[in-house]
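Shown next, in structure tokens, is the structure this report addresses.
The values are calculated or read from the model by the stated rules, or taken from the named source; none is laboratory data. Keep in mind that what you see is a predicted model, and the values were worked out from it rather than measured. Here the Cβ positions follow ideal geometry from the backbone for every residue, glycine too, while neighbour counts run over all protein chains shown. We work out accessible area using only protein heavy atoms, side chains counted, and drop any ligands, DNA or RNA first. Shrake-Rupley method; radii C 1.70, N 1.55, O 1.52, S 1.80 Å.
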Amino acid sequence: MKYVIILFALALVIFLIMNYYPPLGGKSSADSQQRIHESANFVDGKFRNQIPTSMDYSLKDTAGALYDTIKGNPDGRPKVNLPTVRFDAKAFSESPEDQVIWFGHSTLLLKTSGVKMLLDPVFSKYASPVSFAGPKRYSYDLPAQIEELPDIDVVLISHDHYDHLDYASIRKLKGKVKQFIVPLGVAGHLTKWGVDPDKIQELDWWEEASYQGLTIVSTPARHFSGRGTRSGSTLWSSWVIQGKQSNVYFSGDSGYAPHFKEIGDKYGPFDLAFIETGQYDVKWANIHMVPEESVQASLDVQSKVMVPIHWGGFTLALHSWTDPIERAKAAADERGVALATPKIGETVIIGSNVYPSSSWWESIKK
């Protein structure tokens, strides 16, 4: 009887955590649920990719991955803090130029046509559902903390994984953001965390939103979603951001697939493309590109300049921390692709012929 009580108590604790622990997010509203079920991308109770995307791993693969993770990679993260350029709020706000600042991993502060945008804002120490453990940020000396940022017009989210949608960051941002634009189904997380539903707009693939002269388009990606046990209940997206002066593409997380060319043909060419380049493994080839594929994706979307993202922040794979940028640079040089390689916090002026291109990571790697 004692063991039955223990098992019941354990099951109750798990149930309460999965349903009421805030960082795991919330459920979609009735209106959102209706849109989800009407979406052509929602099949048999889950969102699906445009092309078949298997994520079935054998017991042997799972055991091997667990062993490799425990063993680790001595070069998996830098030994020292990464160089960071401090954020100048006054210069950012007053400059008439379209520009972007990389905060590491996939977090970007973008200004285009005067509109200030945050893409996948993750400012926490860990990319995790808890604040004390999980993949740890390489350096917490970010260009700025949320409190130091100017008011933000739009927050754009690619999908609901913890390294892209962060509970603590959204809680801090909710009062200084005018509009959240997210993939279909993600609003449930934000409203659970106190964001006003009237400030949230959900988009399915190929749907467009307008904001102060910008056209923002939810475009496909080849990935998956899920917080807790709710895998596939929300959509994942890449994004097109078209302004008066510049046209920008943000890949989110994605395996390589025909959607890149489709997006390029429909909305390109782009002045700048932020392309996922890190945190890959041969077992995840369907949902995360290797750097050579990332460079090809930049060509497919017809981007004039590529900025590698999804690296330089957290270790989520077994490769060395510099492997993504080294392979991307080699592939870009071979293919004649213009590659911007800003330090964290360094400004990239969109449309300029001059952009950061130093191999700054080499001095840290030694």
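What the table shows:
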{"read-out": "Candidate set: region 47-62, residues that are open to solvent by 80 Å² or more (accessible area, probe 1.4 Å) and out of contact with any helix residue (DSSP H, G or I) (no Cβ under 7 Å at 6 or more places or on another chain); chosen: the one modelled with the highest pLDDT", "value": "Arg48"}
{"read-out": "Filtered residues of region 169-188 (kept if touching a helix residue (DSSP H, G or I) at 6+ places or on another chain (Cβ under 8 Å) and of a type outside the set (Lys, Arg))", "value": "Ser169, Ile170, Leu173, Val177, Gln179, Phe180, Val182, Leu184, Gly185, Ala187, Gly188"}
{"read-out": "Members of region 90-107 that are of a type in the set (Gly, Ala, Ser), surrounded by 12 or more Cβ atoms within 10 Å (Cβ to Cβ) and at negative phi", "value": "Ser93, Ser95, Ser106"}
{"read-out": "Residue satisfying all of: in region 139-154; under 25 Å from Glu97 (Cα atoms) and not hydrophobic (A, V, I, L, M, F, W, C); most open to solvent (accessible area, probe 1.4 Å) among these", "value": "Glu147"}
{"read-out": "Selection from region 231-253 of residues that are under 29 Å from Ile36 (Cα atoms) and either free of Cβ contacts under 8 Å to residues at least 40 places away in the same chain or surrounded by fewer than 19 Cβ atoms within 10 Å (Cβ to Cβ) (or both)", "value": "Ser231, Gly232, Val240, Gln242, Asn247"}
{"read-out": "Out of Val177, Val195, sole residue that is over 16 Å from the mean Cα position of the chain (by Cα), crowded, with 17+ Cβ neighbours inside 10 Å and without any contact (Cβ under 8 Å) to a residue 40 or more places away in the chain", "value": "Val195"}
{"read-out": "Unique match (being of a type outside the set (Val, Ile, Thr), open to solvent by 50 Å² or more (accessible area, probe 1.4 Å) and over 30 Å from Gln50 (Cα atoms)) among Lys116, Lys136", "value": "Lys136"}
{"read-out": "When residues of region 1-44 are limited to those that are open to solvent by less than 50 Å² (accessible area, probe 1.4 Å) and either in contact with an Asp or Glu (Cβ under 7 Å, 6 or more places away or on another chain) or not hydrophobic (A, V, I, L, M, F, W, C) (or both), the one modelled with the lowest pLDDT", "value": "Pro22"}
{"read-out": "Whichever residue in region 266-289 is more than 25 Å from Gln245 (Cα to Cα) and hydrophobic (A, V, I, L, M, F, W, C) and, among such residues, is most open to solvent (accessible area, probe 1.4 Å)", "value": "Val282"}
{"read-out": "Those residues of region 207-221 which are outside any strand (DSSP E or B), at negative phi and surrounded by fewer than 24 Cβ atoms within 10 Å (Cβ to Cβ), in sequence order", "value": "Glu207, Pro220"}
{"read-out": "Hey, Leu118 closer than 15 Å to Ile350 by Cα and assigned to a strand (DSSP E or B) or not", "value": "no"}
{"read-out": "Residue tally, condition without any contact (Cβ under 8 Å) to a residue 40 or more places away in the chain and aromatic (Phe, Trp, Tyr), over region 127-150", "value": "2"}
{"read-out": "Qualifying positions in region 253-295 - within 23 Å of Asp98 (Cα to Cα) and charged (D, E, K, R)", "value": "Lys266, Asp271, Glu276"}
{"read-out": "Considering residues of region 290-308 that are of a type outside the set (S, T, N, Q) and in contact with a Gly (Cβ under 6 Å, 6 or more places away or on another chain) only, the residue surrounded by the most Cβ atoms within 10 Å (Cβ to Cβ)", "value": "Val301"}
{"read-out": "Top-ranked residue of region 351-366 - restricted to ones that are exposed (fewer than 13 other Cβ atoms within 10 Å of the Cβ) and not polar (S, T, N, Q), ranked as modelled with the lowest pLDDT", "value": "Lys366"}
{"read-out": "Test result for Leu109, part of a loop (DSSP other than H, G, I, E, B), modelled with pLDDT of 90 or more and in contact with a strand residue (DSSP E or B) (Cβ under 7 Å, 6 or more places away or on another chain)", "value": "no"}
{"read-out": "Qualifying residue in region 162-180 (condition: among the acidic types (Asp, Glu) and under 17 Å from Thr107 (Cα atoms))", "value": "yes"}
{"read-out": "Inter-residue pairs, beta-carbon under 8 Å, first within 20 Å of Ser303 (Cα to Cα) and in contact (Cβ under 8 Å) with a residue 12 or more places away in the chain and in region 345-360, second of a type in the set (Ser, Thr, Tyr) and not in a loop (DSSP other than H, G, I, E, B), 6+ apart", "value": "Ile350/Thr112"}
